[in-house]
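In what follows, a single structure is set out as structure tokens and then discussed.
Just so it is clear, none of the values below were taken in a lab; they were calculated from the coordinates. What you are looking at is a predicted structure, and each value in this text was computed from that prediction instead of being measured. Reconstructed Cβ throughout: ideal geometry from the backbone, glycine too, with neighbour counts over all protein chains shown.
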Amino acid sequence: MKLLVRWAILALAFWVATVLLPGITVIGGFWKYVWVALLFGLINTFIGSVLKLLTLPAILITFGLFSFIINAAMLALTSRWSAALDVKNFGYALLGSLIISVVSSILNKFFMRARWL
């Protein structure tokens, strides 16, 4: 149940990013947002985790800020592998990853505290 809630939260975070940033678009409706969230989650889990482990010194030196670069790269990679997601350039990927991280963190904290989950 928690996995489905987190998946829906990530899809909602993608929607917020596409609303706020003109350089990030998801082509299609609700199911395309769900697909992009699934693909981004899988890419971030497998490839992103390895990259964060390999770049751990850079992450520590920058007090964690380098992880936003990695998240932006994972967003750009998701855009590359999915026809439903279009990210114009790396700057939009960086801003989009920041928005997605903030929105999903806030919503995850809100929903995971709920007793009905």
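Taking region 48-73 as the range and being among the hydroxyl-bearing types (Ser, Thr, Tyr) and in a helix (DSSP H, G or I) as the test, the residues that pass are Ser49, Ser67.
Search region 1-47 for residues being among the hydrophobic types (A, V, I, L, M, F, W, C) and assigned to a loop (DSSP other than H, G, I, E, B), and hand back the single one that is farthest from the chain's Cα centre (by Cα). If we take residues in region 1-47 being among the hydrophobic types (A, V, I, L, M, F, W, C) and assigned to a loop (DSSP other than H, G, I, E, B), then Met1 is farthest from the chain's Cα centre (by Cα). Specify the residue that is surrounded by the most Cβ atoms within 10 Å (Cβ to Cβ); the eligible residues are those in region 24-57 that are under 20 Å from Asn89 (Cα atoms) and among the aromatic types (Phe, Trp, Tyr). My answer is Phe40.
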